[in-house]
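Visitor: My questions all concern the structure below.
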Amino acid sequence: MAEKSANEIPRGVRDQYEKGLLALERSNLDYAIELLLGVLKAEPAFLAGRDALRKAGQKKAGLGGGRFMKFVNSASSSPALAKARLITDSQPLEAMFVAEQVISNDPKSSLAHDIFAKAAVVAGLPRSALLSLEAMRQENPADKDVSIRLSEAYTAIGENDKAESVFAALMKHHPHDPHLNEMAKNISASRTLNEGGYQNLADGTGSFRQALKNKDEATRLEQESRITKDAAQAESLIEQYLARLATEPENLKLLKNIAELYAQQKDFYNAIHYYNLIEQTPGAMDAALEQARNEVIVKRFNQVIEQLDPALEDHEQQKADLTAQRDDFVLSDCLARVERYPTDKAIRFELGMIYFNLGRLPEALPEFQQAENNAHKRLQAMHYSARCLAARNMNDMAARKLQTALKEKIAFDDERKELLYTLGCVLEKSGKKAEAMAQFEQIYEVDMKFRDVGKRVDDYHAGEG
């Protein structure tokens, strides 16, 4: 059995799917789940329907319900999952449906995801299996069995690069496992054989000429990626890629290349369109692609704001409305990523900066405090934590925070200058002028043109004279 697109399912089922999508958009989640479960009961191979159902379940789970409700759901689903496990091999589609019902109520049920993934593989639906395997890996990135199965599923659909990247991530958790090392080498070799045309050569259906031709093509593509493309080159490549896309509509690499080229051309509207096409393939939109797409959306907002006609009577109102929409999007996007990756302190710093720039300092402070646990963001986070404290007249705490940061910052670079400058301002605000000037003088000795340090120090000493 092969996965189906919306065009391959009966009209009545497609209508029900569209109603489910509408209910999902309106956050009528119970109704959306009911409709989409019905769609999958009728068409278990309909991938977009399953992806929509997963989103509805995740959205519902995000609304909460507490540990008690999770315990109740888990207890009530156990008998159904036990039955589903028994029929995984003999009735895989039924096992998938039972597991899906559980997942729609408990998106983090590892047992339901495990049963679903195994049944989907038996049913010949590897792309469907990917949905659960990716969910399981996200919960436990170090799990060998899950990552191996995920890699095999990607290999089954010809996405060898993703299979290889799954193993690369797993090896970070188990760097000295000889068995995993050997498997990683085999996957890499398999990718080389398949992509270079050497597999056909080995089984007698290809030729050295074809293999070399494929290798030359790979070299050409690599060179394309390295060249800084001017406008004419980019337009030419877009035309080539669009022509290929007509015959290879599911080629995700082509879609990504087209989106990136449009973004280079500052045609952000089309770039967003092609990133959205990637998202329609379940499991294809990874964190890096999602971030790239969302950055383009912000650039599109800025572009539209810049292109507003100043002569219009409501120019300022339009500008304010679009700016507010942009800021709401940036904040919502970051909040969603914090929810998905709650332990990523770099994202916490990003969220803190968004709140800070919006003037929402009480909300920014706890995010910066979280980000202080990230080695790469620690000093920046401490700096902004201090600025938040100082803005609330908690000057002593702000000064202590900055002094701690300065003890850790040895090199006298711009970051140390910023810390000293902010500490000087905080001490000055507290009425400690001599201590404040001592901070400014440290900067003055190496860079008197930094901010207004030169004027501050000169005026202070002129006043003393």
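Visitor: For region 324-376, enumerate the residues that are of a type in the set (Gly, Ala, Ser) and either surrounded by 14 or more Cβ atoms within 10 Å (Cβ to Cβ) or part of a helix (DSSP H, G or I) (or both). Before the answer, list the steps.
Guide: Applying the first criterion (of a type in the set (Gly, Ala, Ser)) to region 324-376 yields 324, 332, 336, 346, 352, 359, 364, 371, 375.
Of everything in region 324-376, those that are of a type in the set (Gly, Ala, Ser) and either surrounded by 14 or more Cβ atoms within 10 Å (Cβ to Cβ) or part of a helix (DSSP H, G or I) (or both) turn out to be Ala324, Ser332, Ala336, Ala346, Gly352, Ala364, Ala371.
Visitor: Name the residues in region 338-358 that are of a type outside the set (Phe, Trp, Tyr) and farther than 21 Å from Cys388 by Cα, would you?
Guide: Quick first cut of region 338-358, residues of a type outside the set (Phe, Trp, Tyr) only: 338-340, 342-348, 350-354, 357-358.
Of everything in region 338-358, those that are of a type outside the set (Phe, Trp, Tyr) and farther than 21 Å from Cys388 by Cα turn out to be Glu339, Arg340, Pro342, Thr343, Asp344.
Visitor: Give Ala320, Ala284, Ala259, Ala288 a once-over and let me know the one that is within 17 Å of the chain's Cα centre (by Cα), at negative phi, at pLDDT 90 or above and not β-branched (Val, Ile, Thr).
Guide: Values: Ala320 fails: within 17 Å of the chain's Cα centre (by Cα); Ala284 fails: at pLDDT 90 or above; Ala288 fails: at pLDDT 90 or above.
Testing whether each residue is within 17 Å of the chain's Cα centre (by Cα), at negative phi, at pLDDT 90 or above and not β-branched (Val, Ile, Thr) leaves just Ala259.
Visitor: Pairs needed: first member in region 10-36, among the β-branched types (Val, Ile, Thr); second member anywhere, buried (at least 17 other Cβ atoms within 10 Å of the Cβ) and in a loop (DSSP other than H, G, I, E, B); C-beta distance under 8 Å; at least 6 residues apart or different chains.
Guide: Pairs that qualify, where the first residue is among the β-branched types (Val, Ile, Thr) and the partner is buried (at least 17 other Cβ atoms within 10 Å of the Cβ) and in a loop (DSSP other than H, G, I, E, B), are Val13/Glu43.
Visitor: Residue under question is Asp333, and the condition is that it be of a type outside the set (Gly, Ala, Ser) and in contact with a helix residue (DSSP H, G or I) (Cβ under 6 Å, 6 or more places away or on another chain); does it hold?
Guide: Working: of a type outside the set (Gly, Ala, Ser): yes; in contact with a helix residue (DSSP H, G or I) (Cβ under 6 Å, 6 or more places away or on another chain): yes.
Taking the combined requirement at face value, the residue satisfies it.
Visitor: Output the helices (runs of 4 or more DSSP H) that fall wholly within region 58-138 and possess 2 or more residues being among the basic types (Lys, Arg) and at pLDDT below 90, or say none. So that I can check it myself, show each step before the final result.
Guide: Details: elements: 66-86, 92-105, 110-122.
It comes to 66-86.
Visitor: Quick one: is Ser385 in contact with a Lys or Arg (Cβ under 6 Å, 6 or more places away or on another chain), at negative phi, polar (S, T, N, Q) and surrounded by 14 or more Cβ atoms within 10 Å (Cβ to Cβ)? Can you show your working first?
Guide: Working: in contact with a Lys or Arg (Cβ under 6 Å, 6 or more places away or on another chain): yes; at negative phi: yes; polar (S, T, N, Q): yes; surrounded by 14 or more Cβ atoms within 10 Å (Cβ to Cβ): yes.
The answer is yes for Ser385.
Visitor: Within region 275-316, how many residues turn out to be crowded, with 17+ Cβ neighbours inside 10 Å, outside any helix (DSSP H, G or I) and of a type in the set (Asp, Glu)?
Guide: Looking only at that region, the number is 0.
Visitor: Looking at region 110-135 only, could you name the residues that are without any contact (Cβ under 8 Å) to a residue 40 or more places away in the chain, crowded, with 24+ Cβ neighbours inside 10 Å and either under 25 Å from the mean Cα position of the chain (by Cα) or under 16 Å from Lys162 (Cα atoms) (or both)?
Guide: Passing the criteria: Ala112, His113, Phe116, Ala117, Ala129, Ser132, Leu133.
The values are calculated or read from the model by the stated rules, or taken from the named source; none is laboratory data. Here the structure is a predicted model, which is why all the values come from computation and not from measurement. No Cβ is skipped: glycine too gets one built from the backbone with ideal geometry, and neighbour counts run over all protein chains shown.
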